[in-house]
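Working notes, beginning with the structure itself.
The values are calculated or read from the model by the stated rules, or taken from the named source; none is laboratory data. These numbers come from a predicted model, not from an experiment. So basically every Cβ, Gly included, is an ideal-geometry build from the backbone, and we count neighbours across all protein chains shown.
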Amino acid sequence: MDPHDLINKYYESNPAAGRLLKEHSRLVANKAVQIAKRIPHLEPDLAFVEEAALLHDIGIIFTAAPALGCFGDQPYVCHGVLGHMLLEEEGLMRHALVCERHVGVGITVEDIRRQRLPLPERDMLPLSIEEQIIGYADKFYSKNGTGAEKEKTIAIILDNLAPFGEDKVQRFKKWVAMFEGR
């Protein structure tokens with residue numbers, strides 16, 4: 001399976017959004033693979049990390065995110081679940097779970113209920129080491145098309161997570177310790 005072929009298949013009618021997705025996903029994949037190589041003792045699947053990182057945001061095409069060139073009818077917060085459905089149909093279950101579980105630093109059923117998010121009521125937390133690596137790496141890059149290639153600092157990421165709850169901040173700090181040794 002070539003992730004670029006799959007992206008091309010679904011973004012054929014929207015090449016601008018496809019380019020933005022590929023740019024962002026390549027940055028995330030590069031960082032995720034670097035992280036995975038630093039933690040061989042946790043035995044991450046490097047090939048899977050790269051593939052899944054390239055596909056983690058494939059569901060944005062179905063969202064109403066005009067700044068990303070996406071003109072679907074679903075709220076952006078749904079892009080992970082939508083990507084999960086798409087990749088599940090393609091027979092890529094492990095990749096599908098990465099799509100669903102990378103949003104934020106993971107979403108709990110309590111988050112969904114409290115914030116009244118338009119998502120299925122289930123925990124969508126990164127569980128496998130590969131899911132955690134990709135969720136972590138994703139936080140360092142924006143998809144806004146302007147300065148997306150510039151890596152955010154850990155301090156900025158923590159500031160961005162703070163409004164979503166202390167549990168999100170603590171989850172990211174745990175990843176910093178696990179992946180950066182800090």
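Some values worked out for this structure:
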item: Any hit, region 76-96, residues being touching a residue at least 24 places away in the same chain (Cβ under 8 Å) and over 23 Å from Tyr10 (Cα atoms); result: no
item: Residue within region 9-18 that is free of Cβ contacts under 8 Å to residues at least 40 places away in the same chain, outside any loop (DSSP other than H, G, I, E, B) and closer than 25 Å to Val169 by Cα present; result: no
item: Tally, over region 152-177, of residues that are within 20 Å of Arg113 (Cβ to Cβ) and hydrophobic (A, V, I, L, M, F, W, C); result: 2
item: Residue ID - nearest to Met93 (Cα to Cα), chosen from residues in region 20-63 that are not in a helix (DSSP H, G or I) and not polar (S, T, N, Q); result: His56
item: Residue within region 76-88 that is part of a strand (DSSP E or B), within 21 Å of Asp45 (Cα to Cα) and either more than 16 Å from the chain's Cα centre (by Cα) or not basic (Lys, Arg) (or both) present; result: no
item: Single match in Lys143, Lys168 (criterion: touching a strand residue (DSSP E or B) at 6+ places or on another chain (Cβ under 9 Å), touching a residue at least 40 places away in the same chain (Cβ under 8 Å) and not in a helix (DSSP H, G or I)); result: Lys143
item: Sole exception among (1) part of a loop (DSSP other than H, G, I, E, B); (2) touching a residue at least 40 places away in the same chain (Cβ under 8 Å); (3) more than 29 Å from Ser13 (Cα to Cα) for Pro126, by number; result: (2)
item: Scope region 36-73; condition among the charged types (D, E, K, R), loosely packed, with under 14 Cβ neighbours inside 10 Å and without any contact (Cβ under 8 Å) to a residue 60 or more places away in the chain; matching residues; result: Lys37, Asp73
item: Criterion (at pLDDT 95 or above, under 20 Å from Glu50 (Cβ atoms) and of a type outside the set (A, V, I, L, M, F, W, C)) met by exactly one of Glu121, Glu90; result: Glu90
item: Verdict on Gln74 being of a type in the set (S, T, N, Q) and in contact with a strand residue (DSSP E or B) (Cβ under 8 Å, 6 or more places away or on another chain); result: yes
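Every residue, every condition in (1) among the hydrophobic types (A, V, I, L, M, F, W, C); (2) buried (at least 21 other Cβ atoms within 10 Å of the Cβ); (3) closer than 29 Å to Ala47 by Cβ, yes or no:
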| residue | (1), (2), (3) |
| --- | --- |
| Arg116 | no, no, no |
| Glu121 | no, no, no |
| Pro126 | no, yes, yes |
| Glu130 | no, yes, yes |
| Asp138 | no, yes, yes |
| Lys150 | no, no, yes |
| Ala162 | yes, no, no |
| Lys174 | no, no, yes |
| Phe179 | yes, yes, yes |
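Condition check ((1) in a helix (DSSP H, G or I); (2) within 17 Å of Val28 (Cα to Cα); (3) at pLDDT 95 or above; (4) of a type in the set (Val, Ile, Thr)) across all residues:
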site: Ala96; (1), (2), (3), (4): yes, yes, yes, no
site: Glu110; (1), (2), (3), (4): yes, no, yes, no
site: Gln132; (1), (2), (3), (4): yes, yes, yes, no
site: Ala148; (1), (2), (3), (4): no, yes, no, no
